[in-house]
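The values are calculated or read from the model by the stated rules, or taken from the named source; none is laboratory data. Small disclaimer: the values here were computed from a predicted structure and weren't measured. Here the Cβ positions follow ideal geometry from the backbone for every residue, glycine too, while neighbour counts run over all protein chains shown. Protein only, heavy atoms only, side chains kept; ligands, DNA and RNA dropped before computing areas. Shrake-Rupley method; radii C 1.70, N 1.55, O 1.52, S 1.80 Å.
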Amino acid sequence: MEAEGIPTEGEDVPVESLLPGDTHSVVERYESMVYGIAVTHTRCRGDADDVYQEVFLTYHRRQPEVNDEQHRRAWLITTALTCARRVRLSSWRTRVVPLDPGDTAAAPEEFTLASDEQNVLFRALRSLSETYRTVLYLFYFEDLSIAQIADLLDLGPGTVRVRLSRGRAQMREKLLGGLFDE
């Protein structure tokens with residue numbers, strides 16, 4: 001005898017029924033933002049997928065009390081940055097080396113975008129230190145103001161301006177001589 005309302009094995013279950021409360025709507029609204037942060041701060045698609053899943057699982061479990069959408073967005077950004085940092089600095093990532101240095105099969109899957117220009121920009125952004133990469137991503141991709149970034153990262157506005165300026169200079173250096181010659 002089957003319980004009513006419980007799906008049987010092999011039966012398709014709508015995602016909405018798996019995510020009670022407002023978690024489903026939060027995932028739909030912020031999935032690209034969280035995944036963008038995850039991809040930018042990890043070295044491969046698999047790690048980015050793990051970070052993405054961990055952020056929304058944490059949101060679902062904790063159901064944080066937020067006053068408005070700005071606070072929810074800030075909570076998700078902070079959690080995504082924290083999870084990505086934890087994955088990148090894990091002992092597995094820092095201590096494991098491939099048996100054969102030329103073995104590319106052991107290397108994590110690289111993330112690629114639609115065009116060569118996007119790939120060059122993305123690689124240049126990812127090659128920056130986390131200090132500059134984070135503020136550049138939040139400023140240009142998430143359209144946060146300097147004051148919002150400062151609040152989010154617990155920094156002074158002047159520090160954010162300096163990091164933006166230095167990050168832009170490093171990006172300019174990396175992009176000169178390639179597809180983006182002046």
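For the subset of segment 1-48 comprising residues that are open to solvent by 70 Å² or more (accessible area, probe 1.4 Å), in a helix (DSSP H, G or I) and farther than 20 Å from residue 139 by Cα, which member is modelled with the highest pLDDT? This residue is 28. In segment 127-134, the condition of being without any contact (Cβ under 8 Å) to a residue 12 or more places away in the chain, open to solvent by 60 Å² or more (accessible area, probe 1.4 Å), out of contact with any Lys or Arg (no Cβ under 9 Å at 6 or more places or on another chain) and not in a helix (DSSP H, G or I) is met by no residue. Within segment 49-108, the residues that satisfy the criterion of being loosely packed, with under 11 Cβ neighbours inside 10 Å, within 21 Å of residue 22 (Cα to Cα) and either at pLDDT below 80 or not basic (Lys, Arg) (or both) are 65, 67, 68.
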